[in-house]
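The block underneath contains the structure these notes are about, expressed in C-alpha cells.
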Ligand SMILES: [Cu+2]
C-alpha cells in the first residue's frame, strides 16, 4: 500500500473511532462541568434534565454508530468483493426492488419512533415547573443579568467581572494564566441551593436574550413582555458557567452567567446575610410632620432592630412630632 493510501485509511479509522473516544472521555468529563481541552462529547451536567439530554444524545449516537457500521460495512464489502480486477460485471438490468424500498422506509420510521418516545417524555418533564420550593426571576438587559429571589426581598445585578473587562478593552490576547475564566466570570454570582427544585421566570427589559448554563441542561429565551418558565434541581455543589445565548447587541459576548450551587444550609446563611445587607441601615422613625427645620432625632439602632422584628410598635407620629410654632 502507498503512503497516501495508508494515511487515508488511518484518517478513516480515526474518524470512525470518534464515538468510542467520546464515550471513553465521558467518565472524566463528568467530574467537572467546565469543558476540557479536546473534549469530544457533550457534558453530562449536574441536573436530571442535563442527564436526560445526555442519555438521549448517547442513545441517538449509538443508533447512528450502528447505522454507520452497517452502511459503510456493506459498502466496503461490496467494493472489495465485487471489484473489477476480480472480473465482477455490473448488473445493468436492475432498476428497483419493492422489497428493499419497503425495508428502507420502515426501518428509519421504527428508529425515529424508538428515539421519539424517550425524548418526548423527557421534554415533558423539562417543562413541569410544579412543586418548586423557590422562584428566581431572571431579567436580561443590554448587557447584564438581574436576579430576584421572589418573596425574599433579595435581588442583584450580575455583570462581567472587572478583570475580564479590563483584558478585553486592552486588546491583548489573554492566556489561561491571565484569567482562568476569561469572559466567564461575573461580579455577583447567582447563588442557589442544591437538592432543591427551583423555578425560574425569565424575561428581558430591552431586546431578546437567552439564559443558558449548559450544566443545567437547558436554555430559555428572555423576551421583553413575555415571561418564560424553566426549572432546575442541581444535584451537586459547584460553580457552573454559561452565557447569553441570543445575539443581543454589540456586547452579547460579554454578559456571562455564573451559578454557584451550595448545600441548603449554606444557602440559607447566604440568604440571611444578603437580607441583612439589604435592610435599611436606619429606618426613618416618625419624621416631623411639618417642616420645623430641626435635625431628626438620633435613631436608637436597637429600637430599629425591634421595629424590624415587629416586637416594638413604632412611636405614633403625633407624639414624636413637635408642635409647629
Ligand atoms: Cu444577551
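The values are calculated or read from the model by the stated rules, or taken from the named source; none is laboratory data. Please read these numbers as outputs of a predicted model, since none were measured by experiment. Ideal geometry is used to build each Cβ from the backbone, glycine not excepted, and the neighbour counts take in all protein chains shown.
Right, residue 120: more than 19 Å from the chain's Cα centre (by Cα), in a loop (DSSP other than H, G, I, E, B) and either in contact (Cβ under 8 Å) with a residue 60 or more places away in the chain or farther than 30 Å from residue 252 by Cβ (or both) or not? Judged against the criteria, residue 120 is not a match. For region 205-214, filtered to residues that are surrounded by 23 or more Cβ atoms within 10 Å (Cβ to Cβ) and closer than 24 Å to residue 119 by Cα, the residue that is nearest to the ligand (Cβ to nearest atom) is 211. Just wondering, is there one or more residues in region 149-156 that are modelled with pLDDT of 95 or more and within 16 Å of the ligand (Cβ to nearest atom)? No, there is no match, as no residue in region 149-156 is modelled with pLDDT of 95 or more and within 16 Å of the ligand (Cβ to nearest atom).
Residue-level analysis places residue 187 among those that are closer than 19 Å to residue 154 by Cα and either away from the ligand (no atom under 12 Å from the Cβ) or surrounded by fewer than 17 Cβ atoms within 10 Å (Cβ to Cβ) (or both). When the residues of region 231-269 are filtered to those that are in a strand (DSSP E or B) and within 16 Å of the ligand (Cβ to nearest atom), the one that is surrounded by the most Cβ atoms within 10 Å (Cβ to Cβ) is 244. On the given criteria, is residue 99 at pLDDT 90 or above, within 30 Å of residue 247 (Cα to Cα), not in a loop (DSSP other than H, G, I, E, B) and not assigned by TED's automatic domain parsing to the domain that holds residue 212? Judged against the criteria, residue 99 is not a match. Residue-level check: of (1) assigned by TED's automatic domain parsing to the domain that holds residue 243; (2) assigned to a loop (DSSP other than H, G, I, E, B); (3) under 30 Å from residue 165 (Cα atoms), residue 145 misses just (2).
Screening residue 65 against (1) within 26 Å of residue 50 (Cα to Cα); (2) at pLDDT below 95; (3) in a helix (DSSP H, G or I) leaves a single unmet condition, (2).
With respect to the conditions (1) within 18 Å of residue 141 (Cα to Cα); (2) in contact with a strand residue (DSSP E or B) (Cβ under 7 Å, 6 or more places away or on another chain), residue 198 lacks only one, and its number is (1).
Only one entry in 202, 226 is outside the structural domain of residue 36 (by TED's automatic domain parsing), within 16 Å of the ligand (Cβ to nearest atom), farther than 18 Å from residue 262 by Cα and assigned to a strand (DSSP E or B), namely 202.
Within region 123-142, the residues that satisfy the criterion of being surrounded by fewer than 17 Cβ atoms within 10 Å (Cβ to Cβ) and assigned to a loop (DSSP other than H, G, I, E, B) are 127, 128, 129, 130, 131, 133, 142.
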